[in-house]
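Nothing in this text is a laboratory measurement; each read-out follows from the coordinates by a stated rule. What you are looking at is a predicted structure, and each value in this text was computed from that prediction instead of being measured. Note that each Cβ is placed from the backbone with ideal geometry, even for glycine, and that neighbours are counted across all protein chains shown.
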2 protein chains.
Amino acid sequence: MQNQELRMTRQRRVILEEIRSFDGHPTADEVYEAVRKRLPRISMSTIYRDLETLCDHGRIQVLEVGCSKKHFDADTKDHYHARCIRCGRVTNLPVQPFSYLEQAFRDLCDYKVVGHRLELLGLCPACQKAEEEREAAEDITDAAK
Amino acid sequence: MQNQELRMTRQRRVILEEIRSFDGHPTADEVYEAVRKRLPRISMSTIYRDLETLCDHGRIQVLEVGCSKKHFDADTKDHYHARCIRCGRVTNLPVQPFSYLEQAFRDLCDYKVVGHRLELLGLCPACQKAEEEREAAEDITDAAK
DNA sequence: TTCAATAATAGGAATTATTCCCATTTCGTA
DNA sequence: TACGAAATGGGAATAATTCCTATTATTGAA
């Protein structure tokens, strides 16, 4: 892959723009919903096909985080992510990847190491807030008994 | 969850035994194939249901590695894994998880951190071997031209 | 330009992994 | 042994993704 010639069709341009302006890293259906507002006739096949094409041409990368959906990232440099265990939101971690880890782990297994992934798990700000409100509501209910 | 009373039915016992004796950490369908040799009438629903039940009771853990399938691990202590990018095989990494990472990353994002996952990516021994053989075969083909 | 070859798209069917539903079976205990 | 609760098997439903195909758009040669 990675041939020069990537036809920048309207669909591909909008997909790329929406991934770039997304707060966090969207899944395929989040890309679809965003793009659909601008190109109402776009189809899910085009979303998936173009996401793959954009990956092949190094314009985006696919994040395989520990959940069932793929996430897409317009920043193609290697970096770590935080993932919300409640809503699935995926956000960048501003740290340089620890390249020495791969060398250090090389002797711990018989794999031919080609990379690593590090993922922080937690509650995103929005879900923390929802959690707190839920707890507050429960306290009121408990107190009323 | 995590109630005392877990009925150790024949199905559950065999599922647990097969996960324990598996080389690496099997997916649900690998568990199914293994268990089926001993209990030919077992159904996929039972596999999934019992895997979940065993998780709920802390007898196994589910590994959410960066791929579409869940893997199951009879070792419920936190640990890191290596995953083969070719065949998907998941194997333990004999290292203590770096607990300090979570504290260190806490200030890098606005998430309420509850854990982290580290995954080494590479080629497992079997896939390395297959790769080498494929390359050797290609060399012969090239030379014959 | 105009036309043919090529590439991309929309829409829907197919596939994969997983979950859900329900009638039947099994188990623990009264 | 018999009853009620829990577990099972089998298949339908769901979710994410991939595949297929007829139609549409684009490119570049005449």
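Residue by residue through region B:116-130, note down the ones that are facing another protein chain (nearest Cβ under 8 Å) and without any contact (Cβ under 8 Å) to a residue 24 or more places away in the chain.
Correct list: B:HIS116, B:PRO125, B:GLN128.
I need a count of the residues in region B:90-106 that are within 7 Å of chain A (Cβ to nearest Cβ) and either of a type in the set (Lys, Arg) or in contact with a Lys or Arg (Cβ under 9 Å, 6 or more places away or on another chain) (or both).
Matching residues across region B:90-106 total 1.
Taking region B:37-75 as the search range and keeping residues that are farther than 30 Å from B:LEU101 by Cβ and more than 10 Å from DNA strand D (Cβ to nearest atom), which one is surrounded by the most Cβ atoms within 10 Å (Cβ to Cβ)?
B:ARG38
Taking into account only those residues within region B:39-75 that are within 15 Å of DNA strand C (Cβ to nearest atom) and among the basic types (Lys, Arg), which is farthest from the other protein chains (Cβ to nearest Cβ)?
Among those residues, the one meeting the criterion is B:ARG41.
How about region A:1-69: which helices (runs of 4 or more DSSP H) wholly inside it have at least 1 residues that are closer than 15 Å to A:VAL90 by Cα and within 13 Å of the chain's Cα centre (by Cα)?
Because the criterion is at least 1 residues that are closer than 15 Å to A:VAL90 by Cα and within 13 Å of the chain's Cα centre (by Cα), the helices (runs of 4 or more DSSP H) in region A:1-69 that meet it are A:10-21, A:28-36.
Tell me, yes or no, whether region B:15-28 has at least one residue that is within 14 Å of DNA strand C (Cβ to nearest atom) and loosely packed, with under 12 Cβ neighbours inside 10 Å.
For region B:15-28, residues within 14 Å of DNA strand C (Cβ to nearest atom) and loosely packed, with under 12 Cβ neighbours inside 10 Å: absent.
If I filter region A:76-89 for residues that are exposed (fewer than 15 other Cβ atoms within 10 Å of the Cβ) and within 9 Å of chain B (Cβ to nearest Cβ), do I get at least one hit?
no
Go through region B:97-113 and give me each residue that's touching a residue at least 12 places away in the same chain (Cβ under 8 Å) and either out of contact with any Asp or Glu (no Cβ under 8 Å at 6 or more places or on another chain) or crowded, with 17+ Cβ neighbours inside 10 Å (or both).
B:PHE98, B:LEU101, B:GLU102
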